[in-house]
Amino acid sequence: MKRVEYVIFMLFAFIMFSCSNEDNDTERHIMKDGKVVYTYPDVKFYGDKESFRDAVLENREHNDSVKDDLEWHKDSLYGYNGELKYDKWEKAKFGSWISDYGLTPGAVYFVSAVKVLKYIPATYEDWVVTGEYFTHDEDSIGAYADYNNGKVGFVLNPNMSYGYYEATTFVKCISYDVEGNTVGVYFPVSPDKLKWKFFKTKAIW
């Protein structure tokens, strides 16, 4: 019986060890404020601002066939709701353009993607769609609609039980320098300055 228990224990220990080493190619960093982040060893280089934003600019209009039939009202909101969620950490260096933000070209920084949430008030009768964004709208919205498609804009999710649409987007944040000091530079703008542009109309059933 003891032999069986020993075998089970060793098998369990092996599984736990294997799981703990699945990401053993990542590095663990402790910032001066106590924050622990994990990155891959490689350091990405962003020679210009456009490459850092890493966005495919796309104008997001509501459907033309719908626009012709219904009366749409243009509106916008600023800022965000809830807590910011920092994820997808990486080490990065930047070209000379980063000096415009008070940072050092060629220095290593810790960068994260930040998920931002905004509530757009709506009723059961309201139909909300995203607004239009262009290359000159530097202060309009985040760099990502989601992690995968890399488009400028935001994603809408109706939550009518609470009386609003959930709008989410992503910005990037140069969070710390290589020594672990807080930096806190956001791109394209800080979450409190995000402008959420949208169209609203009454749904016809």
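The values are calculated or read from the model by the stated rules, or taken from the named source; none is laboratory data. Here the structure is a predicted model, which is why all the values come from computation and not from measurement. Don't worry about glycine lacking a Cβ; one is built from the backbone with ideal geometry, like all the others, and counts go over all protein chains shown.
Which of the residues that make up the range 147-182 are at pLDDT 85 or above, surrounded by fewer than 17 Cβ atoms within 10 Å (Cβ to Cβ) and not aliphatic (A, V, I, L, M)?
GLY163, GLU179, GLY180, ASN181, THR182, listed by residue number.
Does TYR144 satisfy the condition of being on the phi < 0 side of the Ramachandran plot, modelled with pLDDT of 85 or more, within 19 Å of the chain's Cα centre (by Cα) and among the aromatic types (Phe, Trp, Tyr)?
Values: on the phi < 0 side of the Ramachandran plot: yes; modelled with pLDDT of 85 or more: no; within 19 Å of the chain's Cα centre (by Cα): yes; among the aromatic types (Phe, Trp, Tyr): yes.
No; evaluated as a whole, the condition is false for this residue.
Enumerate the pairs (first residue in the range 106-127 and of a type in the set (Lys, Arg); second residue anywhere and crowded, with 21+ Cβ neighbours inside 10 Å and in a loop (DSSP other than H, G, I, E, B)) with beta-carbon separation below 7 Å, excluding pairs fewer than 6 apart on the same chain, so at least 6 apart or on different chains.
Listed by first residue and then by second, the contacts come to LYS118/TYR80.
Contact list please: Cβ distance under 8 Å, first residue in the range 178-189 and touching a residue at least 12 places away in the same chain (Cβ under 8 Å) and closer than 15 Å to TYR86 by Cα, second residue surrounded by 15 or more Cβ atoms within 10 Å (Cβ to Cβ) and among the acidic types (Asp, Glu), pairs at least six apart or on different chains.
The qualifying pairs are VAL183/ASP177.
From (1) surrounded by fewer than 19 Cβ atoms within 10 Å (Cβ to Cβ); (2) assigned to a strand (DSSP E or B), pick out the condition that doesn't hold for TYR186.
It fails just one condition, (1).
Being at pLDDT 80 or above, exposed (fewer than 10 other Cβ atoms within 10 Å of the Cβ), charged (D, E, K, R) and assigned to a loop (DSSP other than H, G, I, E, B) is the requirement here; does ASP100 meet it?
no
Can you name every residue in the range 179-188 that is among the β-branched types (Val, Ile, Thr) and more than 16 Å from SER99 (Cα to Cα)?
Pass one, the range 179-188, residues among the β-branched types (Val, Ile, Thr): 182-183, 185.
Result: THR182, single match.
Results for (1) within 20 Å of ASP177 (Cα to Cα); (2) modelled with pLDDT of 60 or more; (3) not in a strand (DSSP E or B), shown as yes or no for each residue.
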position: ASN24; (1), (2), (3): no, yes, yes
position: PRO41; (1), (2), (3): yes, yes, yes
position: LYS44; (1), (2), (3): yes, yes, no
position: GLU58; (1), (2), (3): no, no, yes
position: GLU61; (1), (2), (3): no, no, yes
position: ASP68; (1), (2), (3): no, no, yes
position: LYS85; (1), (2), (3): yes, yes, no
